[in-house]
1. Would you list, by chain and number, the lysines whose Cα falls below 18 Å from the Cα of B:K254, excluding same-chain residues fewer than 8 positions away?
2. Would you mind checking the tilt of helix B:415-424 against the longest principal axis of the Cα atoms of chain B, expressed as 0 to 90 degrees and rounded to 10?
3. Most exposed first by the Cβ proxy, i.e. fewest other Cβ within 10 Å, how do B:T367, B:T139 rank?
4. For chain B, set up a Gaussian network in which alpha carbons nearer than 10 Å are linked by springs, and say which option among B:A20, B:A173, B:A43 fluctuates the most.
5. What is the local net charge at B:S82, summed over the other residues whose Cβ is closer than 10 Å to its Cβ (Lys, Arg +1; Asp, Glu -1)?
6. Which whole-number percentage describes the relative contact order of chain A, with Cα contacts under 8 Å and a sequence gap of 6 or more?
7. Tally Lys/Arg at +1 and Asp/Glu at -1 over every other residue whose Cβ is under 13 Å from the Cβ of B:G70; what's the total?
8. How fast does chain B diffuse by Stokes-Einstein, in µm²/s, taking the Kirkwood radius from C-alpha pairs at 20 °C and 1.002 mPa s?
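Derivation of every value follows stated rules applied to the coordinates shown; laboratory data play no part. All values reported here derive from a predicted model rather than from experimental measurement. Positions of Cβ are generated from backbone atoms using ideal geometry, with glycine treated the same way; all protein chains shown enter the neighbour counts.
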Amino acid sequence: MPAATIGRRSALDRLDQAFIRMNGFAVGFLLLAMLVLVFANVVLRYIFANSFGWVEEVSRYLMIWIVFLGAGLASREGMHVAVTLFSDIAGPLRPGFKWAAWAGTFAFFAALAWFGYEYAMFAARQRSTMLQLPMWTIYLAVPIGSALTLVHMLFDLRVHPEPEPQTQTGVAT
Amino acid sequence: MSAVLFGAFVVLLILGVPVAVVMGGASLLAILVEGRYPGLIIAQRMFSGIDSFPLMAIPFFVLAAELMTGGKITDSLLALASQIIGRLRGGLGHANVLMSIFFSGISGSALADAAGPGAVTIQMMRDGGYKPEYAAALTASSAIIASIIPPSIIMVIYALTDNAVSVSALFVAGIVPGILIGLALIATNGFLAWKRGFALGEARRPWRQFISESGVVFSAVPLPIIIIGGIHSGAFTPTEASAVAAAYALIVTKFILRSLTWAQLPRLFVRAGLMTSAVLLIVSTASAFAWLLTVLQVPQVITNAITSWGLPNVALLLVIAVFLLICGLFIDTLPGVLLFVPIVAPVADAAGIHPIQTALVVILSLTIGMITPPVGGVLFVVSVVSRVPLTRIVAAIIPFLLAELFVLLLLVLVPAASLWLPSLFGYVH
């Protein structure tokens, strides 16, 4: 019985690691693609006096995908700002604060996954102005990113049985 | 509806829910309870809040700073700062501030300064015999220069929130106040060094030797020139300038200096991507929150109330600064700008204060909030990287905090401090 448990746990751990790596790869790759597109367009404009109007549109949508795909992974890296002042001084109530914050965050992303999906379906016929891309392919970033965040939050509970607060050190301003 | 919105905001914030989720969750609850709008409007508002080309400057500026730090350019910036000013009494402290001014020209983020080069300078000052809390306090207070001297992420966001100012005007306007903060900190450090009898710094290396050992530092020089010059001349939009800066940083560190390995690159891109996500998720949910505030006509009510007081300009700016300093104790710079600029900017504008001066006062007031407890992002980062407890840093930071409040007062009282340079560049009519 214990052996089976250990075996199952480590398989889950490997799955978790693969999930983190693939999520990270997607975020990093999209950022690289954004950089290449915008930089190449500047070069094209100055060297060949010609640039592509669709780059502005595509790179904008890449950024939106980065934001929602990165939300869950960023939370595992403790990159979201939160005010932990009150839970820090809450003494014995501290676990209560942490669980409430975890549950509140989970509920928000669950709702956002649902409403994001509804919105993508609602706007299913919209197309983008330059390339006539179906807009639902971009709107889906919201529900998919939210769903991935939920998975990250569940995986994180295995690593930290008590939810870890965000470190307040994340946002890059 | 406003009771739900503000009640949920306060409760979620106190529980320790991430700020992005606080604003998104409060908005969603208010929308659902009110029932006038469908729930999917939260997704629509969050999406349109970040569906913006100018916002793309943020990932690229973050990436450029990550690449320059990963490629060890920041170490040689520190060497240059020590070379210039390090031999004076309290010289390592002076070098710390000067290094922050240099780093500000390639980074738009105070937290990036505190976490990257800040960690190195604190260690260097400790090795040089400074008290750890003194080193940490000085590093924290000089890190905020990165948000004032261009490029600046918070200025990009400010310009999107207040249409009366452009990113390029704010970038130019930030240079003088940023340098003033640096000078104020250097003066404070010098005074403390003299009063407390700090040792003299090490003697300067011959410049010829410095250039052969740390000459790579000059590869960072074109970056601020590309950013400011490119945007101001109209050659690039701010977003394009940020992409060129990131590409430049990549090419220099990877192919010219070769100080960056292939193995490091994916991690730097992922980190920059995740930081982008953390910043823009706040922008995203804040735009839903701000939309609800507009629906509830909150900005209008506050604007009318303040305008009815009929304060003279200086008093009005002072009230704004004090109000934002108090808010800054509890709330981060980014949500601060997103929530308060739509309220504050029209009031100041109606009173005839130049929008660029308002912008600088607002940005500095909220940025100082990053080094004040109980909620101060830069303080937390510095405490983590220096392993000095927060309370000891807070005690040591007071003189530097006073120096920065003095500069803030100067910005309030003297319009020229923020308007003189932009007027030379033709941004003030």
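1. B:K72
2. 80 degrees
3. B:T367, B:T139
4. B:A43
5. Details: positive: B:R87, B:R204, B:R205; negative: B:E202.
Result for the local shell: +2.
6. About 29 percent, as a whole number.
7. +3
8. 97 µm²/s
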